[in-house]
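Only the coordinates and a few stated rules stand behind these numbers; no lab work does. Given the structure is predicted, the values throughout are model-derived calculations rather than measurements. With ideal geometry, Cβ positions are generated from the backbone for all residues, glycine too; neighbour counts draw on all protein chains shown.
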Amino acid sequence: NAGVMQNPRHLVRRRGQEARLRCSPMKGHSHVYWYRQLPEEGLKFMVYLQKENIIDESGMPKERFSAEFPKEGPSILRIQQVVRGDSAAYFCASGRSGPNEKLFFGSGTQLSVL
Amino acid sequence: EDQVTQSPEALRLQEGESSSLNCSYTVSGLRGLFWYRQDPGKGPEFLFTLYSAGEEKEKERLKATLTKKESFLHITAPKPEDSATYLCAVQAQNQGGKLIFGQGTELSVKP
């Protein structure tokens, strides 16, 4: 019974490149959340998705960031034209039914922008 | 604005020395308060959910309690393997499943 799978674990990009982070939720989970953890800061909510729908993107930067959770395949967090300030750990969490239930987190993707 | 503040930022204990971690929160209608444990290089691991003031939950050496303004995580006779960062998060009414996290308390237990 695999947990939440994130890949890659580490991603290095140069300024101006694109970063794609993938998240496969736990089996049977249809709710996915993305969080960002900057150095010396807490986890910050970015976006909440269900299959083929963005439910809440109030934590997403207005530009360069996008997320999707297609009918088939993993959820993708995409960062275009990365800048040094995007360097952080990005965590994905999944849940079965939304509010009131515990979320299961993946091990994260550490993005480093050179 | 919904907010979570944890104290202390760091806590060093000797093995067997019991203590408590604090989580103060302001939220426009609490749906639930969550405690997670995070080890270095890993994602948060779920510990407890508390829903109403007066509620308590226990797991091994950990006990979580909730009031209308704060939550405590009590650690009884800690062991070195309890060393981790403990995260508190709240979920507000009408906010979907979004969690608002505090900064965490980094706990170190020395043998």
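Kindly provide log₁₀ I(q)/I(0) values, in the same order as q = 0.16, 0.17 Å⁻¹, from the Debye equation applied to equal alpha-carbon scatterers of region B:42-111.
Log10 I(q)/I(0), no solvent term: -0.63, -0.70.
Residue by residue, what Karplus-based ³J(HN,Hα) values in Hz, rounded to whole numbers, does region A:22-30 have, using 6.51, -1.76 and 1.60 with θ = phi - 60° and x for Gly and Pro?
So the J values, rounded to whole Hz, are 10, 9, 9, x, 4, 4, x, 9, 10.
If you restrict to DSSP beta bridges whose two residues both lie in the protein assembly as shown, what percentage is antiparallel, to the nearest 5?
Working: 72 of 81 bridges.
Beta bridges within the protein assembly as shown, antiparallel portion: roughly 90 percent.
Restricting to Cα pairs below 8 Å that are 6+ residues apart, what does the relative contact order work out to for chain B? Please round to a whole percent. Please list the in-between numbers first.
Details: 285 pairs, mean separation 41.1, N = 111.
Computed value for chain B: 37 percent relative contact order.
Test of understanding: what is the full-extension gain from A:K44 to A:Q110, defined as 0.36 nm times their sequence separation minus their Cα-Cα distance?
Details: separation 66, 0.36 × 66 = 23.76 nm, distance 1.48 nm.
Going from the current span to full extension adds 22.3 nm.
Largest first and in whole Å, what are the equivalent-ellipsoid semi-axes of the protein assembly as shown based on the Cα gyration tensor, each being the root of 5 times an eigenvalue?
Equivalent ellipsoid semi-axes, largest first: 30, 20, 16 Å.
Within 10 Å of each Cβ of B:90-97, how many other protein chain Cβ atoms are there on average? Spell out each step's value before the answer.
Working: counts 0, 4, 1, 1, 1, 5, 10, 15.
Mean shielding count: 5.
Bin all alpha-carbon pair distances of region A:1-98 at 10 Å intervals from 0 and give each bin's fraction as a whole percent.
Values per bin, smallest distances first: 16, 51, 29, 4.
With a cut-off of at most 14 other beta carbons within 10 Å, and DSSP calling the residue loop, which chymotrypsin sites (Phe, Trp or Tyr not before Pro) in region B:1-93 qualify? Please list them. Please list the in-between numbers first.
On the way: sites: B:Y25, B:F34, B:W35, B:Y36, B:F46, B:F48, B:Y51, B:F72, B:Y86; in loops: B:Y51.
Of the chymotrypsin sites (Phe, Trp or Tyr not before Pro), the ones in loops of region B:1-93 whose Cβ has at most 14 other Cβ atoms within 10 Å are B:Y51.
Looking only at Cα atoms, what is the convex hull volume of region B:25-74 per residue, in Å³? Please report the intermediate quantities before stating the final value.
On the way: hull volume 4.4 nm³, N = 50.
Roughly 89 Å³ of hull volume per residue.
How high is the relative contact order of chain A, in percent, with contacts defined as C-alpha pairs under 8 Å that are six or more residues apart?
On the way: 292 pairs, mean separation 42.4, N = 114.
For chain A, the relative contact order is 37 percent.
Of A:K44/B:K98; A:K51/B:K42; B:K79/B:K110; A:K44/B:K42; A:K102/B:K59; B:K42/B:K110, which ones are farther than 18 Å apart at the Cα? All intermediate terms of the calculation are to be shown ahead of the outcome.
Values: A:K44/B:K98 10 Å; A:K51/B:K42 26 Å; B:K79/B:K110 8 Å; A:K44/B:K42 16 Å; A:K102/B:K59 16 Å; B:K42/B:K110 21 Å.
Those over the limit are A:K51/B:K42; B:K42/B:K110.
Suppose we keep just the DSSP beta bridges with both residues in chain A; what percent of those would be antiparallel, to 5? If you can, show how the numbers build up before the last one.
On the way: 34 of 38 bridges.
Antiparallel: roughly 90 percent of the beta bridges in chain A.
Work out the length of the dipole vector of chain A about its Cα centre, built from +1 on the beta-carbon of each Lys and Arg and -1 on the beta-carbon of each Asp and Glu, and round it to the nearest 20 debye. Mind showing how you got there, number by number?
Working: 17 positive and 11 negative charges, 67 e Å.
Computed about the Cα centre, the dipole is about 320 debye.
Determine the dipole magnitude for region B:5-111: charges of +1 sit on the beta-carbon of Lys and Arg, -1 on that of Asp and Glu, nothing else is charged, the reference point is the Cα centre, and the result goes in debye to the nearest 20. Can you show the working numbers first?
Values: 13 positive and 13 negative charges, 59 e Å.
So the magnitude is around 280 debye.
For region B:1-107, which GluC sites (Glu not before Pro) pass both filters: DSSP loop (anything but H, G, I, E, B) and at most 16 other C-beta atoms within 10 Å?
Working: sites: B:E1, B:E9, B:E15, B:E17, B:E45, B:E55, B:E56, B:E58, B:E60, B:E70, B:E81, B:E106; in loops: B:E1, B:E9, B:E15, B:E17, B:E55, B:E60.
Qualifying residues, ordered by number: B:E1, B:E9, B:E15, B:E17, B:E55, B:E60.
Where the centre of each part is set by its Cα atoms, how far does region A:55-69 sit from region B:1-41, in angstrom?
Between the Cα centre of region A:55-69 and that of region B:1-41, the gap is 27 Å.
Test of the criteria: in region B:1-95, which trypsin sites (Lys or Arg not before Pro) are in a DSSP loop and have at most 12 other Cβ atoms within 10 angstrom of their Cβ?
Sparse-neighbourhood loop trypsin sites (Lys or Arg not before Pro): B:K68, B:K69.
What nm distance separates the two modelled labels at B:T67 and B:T5, each placed 7 Å from Cα along Cα→Cβ?
1.5 nm
When the dipole is taken about the Cα centre of the protein assembly as shown, and only Lys, Arg (+1) and Asp, Glu (-1) are charged at their Cβ, what size is it in debye, to the nearest 20? Let's see the in-between values first.
Working: 30 positive and 26 negative charges, 136 e Å.
Roughly 660 debye for the protein assembly as shown.
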